[in-house]
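Read through the structure below, which is laid out as structure tokens, and then see the notes.
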Amino acid sequence: MEQRLVELQQEALEGIKKATDLKELNDIRVSYLGKKGPITEVLKGMGKLSAEERPKMGALANEVRDVIAQAIEEKQSILEEEAVAKKLASETIDVTLPGRQVKTGNHHPLTRIIEEIEDLFIGMGYTIAEGPEVESDYYNFEALNLPKGHPARDMQDSFYITEELLLRTHTSPMQARTMEKQNGKGPVKIICPGKVYRRDNDDATHSHQFMQIEGLVVDENIQMSDLKGTLDVFAKKMFGEDREIRLRPSFFPFTEPSVEMDISCKICSGKGCNVCKGTGWIEVLGAGMVHPNVLEMAGYDSKKYTGFAFGIGSERIAMLKYGIDDIRHYYTNDVRFLKQFSIHE
Ligand code: DAH
């Protein structure tokens, strides 16, 4: 029995010495020191020994156990240290490696143009109003002097949701909404940027969804000259001090008189070229003096108050300013297009 115990100790110590990882070591622990291990097995035969030999054998078995346990413990701390060292070595950071380039995003060209226009009008004392994209037939048409069945409704093919609800076809409903809140009193001076929707087939100059910026000024004694002065400042700040504007008579049901504003062509300086289709002028926006019916419907006394309004197509302004030839570029979001407007490169 003694012989067997010494053998076991030898075997175990050899195994421990050879163990290369913590799992292997643990397997040794379980197999030698566990309840079903060979030492326990040997001790089971103690019954056959004489009374003198028994305590000697018991002491020897305990000693063997202790020696094995101690050896395992020592090996364990060696293996643990090795594991930590290995991990540290594998996770070493090479601080001399060049860093990876971080790609930064930038504002969409439309966002940029809208913010630029907002800043310009805020500088002239306007505030910014925002309204719903799902609009009632009343605000989108009726309150703007376009009663049901009015032929001019056909100018804006619409996406109806119900009989009375539609996706707004322009930002002009914000004129009526803003004025209504004033209870017929005081001045109004707002711009309203936002998305609008039309049942158009998409092509280089049409998109079923696009952006407008509405402007509205209402007060006593507002005149056509105020409108013209404002649009002149807008055109020069947006496109350069050398630009001229001209107002052409036009028709919108919510303004009377109505105009369309052109700016002189920058490419040919008014001589005529492809961009301005030989006219020397480029159409930019619609505007006019707020129709008395619109003022009255919103609760204003049209004998006391007058106003002007304008509607800017954001895409069109950005196209002219940045030389973009297709409205679809804004919405297909090809990074090769968008990157050209990066302020980081
Ligand atoms: N709402 C018009 C449109 O979408 C644009 C417009 C024209 C707005 C004249 C105005 C305006 O405020 O006075 O075609």
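Some points to look at:
- Cross-link reach list, lysines versus residue 303, counting only Cα pairs under 21 Å and skipping chain neighbours closer than eight places: 181, 185, 189
- Sparse-neighbourhood loop sites, GluC sites (Glu not before Pro) in the range 1-104 - DSSP loop, at most 10 other Cβ within 10 angstrom: 52, 91
- Cysteines having no other Cys beta carbon under 4.7 Å from their own, within the chain: 192
- Theoretical FRET efficiency, 1/(1+(r/R0)^6), r = Cβ-Cβ of residue 74 and residue 97, R0 45 Å, to 0.05: 0.70
- With each label modelled as a point 7 angstrom along the Cα→C-beta vector, the residue 18-residue 202 pair spans 7.1 nm.
- Cross-link pairs 36/56; 148/304; 228/277 - those with Cα-Cα distance over 26 Å: 148/304
- Against the chain, whose longest principal axis comes from its Cα atoms, helix 224-239 is set at around 40 degrees.
- Highest mobility in the GNM of the chain, judged by mean-square fluctuation with C-alpha springs under 10 Å and restricted to 92, 306, 178, is found for 92.
- Rg over Rh [alpha-carbon atoms, Kirkwood Rh] for the chain: 1.57
- Here's the picture: charge each Lys and Arg Cβ at +1 and each Asp and Glu Cβ at -1 in the range 2-90, and of 13, 39, 89 the one pushed furthest to the positive end of that dipole is 39.
- Rolling a 1.4 Å probe over the protein heavy atoms leaves residue 226 with an accessible area of roughly 60 Å².
- Put a plus charge on the Cβ of each Lys and Arg, a minus charge on the Cβ of each Asp and Glu, and nothing anywhere else: the dipole of the range 199-252 about its Cα centre is then about 140 debye.
- Compactness of the range 92-192 is given as radius of gyration and Dmax, 22.0, 76 Å, from Cα positions.
- FRET E, pair residue 223, residue 104, Förster distance 56 Å, beta-carbon r, rounded to 0.05: 0.75
- FRET E, pair residue 154, residue 185, Förster distance 30 Å, beta-carbon r, rounded to 0.05: 0.25
- Placing pseudo-labels 7 Å out from each Cα toward the beta carbon at residue 54 and residue 342 gives an inter-label distance of 8.7 nm.
- The magnitude of the dipole of the chain, with charges of +1 and -1 set on the Cβ of Lys/Arg and Asp/Glu and taken from the Cα centre, is near 180 debye.
- Compared with the alpha-carbon gap, the fully stretched path from residue 267 to residue 81 is longer by 59.4 nm at 0.36 nm per residue.
- Within the range 44-100, the trypsin sites (Lys or Arg not before Pro) that combine a DSSP coil assignment with at most 10 other C-beta atoms in a 10 angstrom radius are 100.
- Within the chain, helix-based [θ] at 222 nm, where runs of 4 or more DSSP H residues each add -39,500 (n - 2.57), nearest 500: -12500 deg cm²/dmol
- Ligands, DNA and RNA are left out, and with a 1.4 angstrom probe the accessible area of the range 2-90 is 70 Å² per residue.
- Between residue 127 and residue 334, the contour length at 0.36 nm per residue exceeds the Cα-Cα span by 71.2 nm.
- Using alpha-carbon coordinates, inclination of helix 109-122 to the longest axis of the chain, degrees: 60 degrees
- For the range 4-139, alpha-carbon Rg relative to the globular expectation (2.2 N^0.38 Å, N residues): 2.68
- Against the main long axis of the alpha-carbon atoms of the chain, helix 22-33 sits at an angle near 40°.
- Under a model in which nothing but the beta-carbon of Lys, Arg (+1) and Asp, Glu (-1) is charged, the range 207-306 shows a dipole of about 440 debye around its Cα centre.
- Charge dipole (the range 110-205, unit charges on Cβ, about Cα centre) - positive-most of 111, 194, 138: 138
- Between the C-alpha center of the range 322-345 and that of the range 142-217 there is a gap of 27 Å.
The values are calculated or read from the model by the stated rules, or taken from the named source; none is laboratory data. Just so we're clear, the structure is a prediction, and the values are computed from it rather than from any experiment. Every residue, glycine as well, gets a Cβ built from its backbone with ideal geometry; the counts of neighbours run over all protein chains shown. Each accessible area value is taken on the protein alone, full model and side chains, heavy atoms only, with ligands, DNA and RNA left out. Shrake-Rupley method; radii C 1.70, N 1.55, O 1.52, S 1.80 Å.
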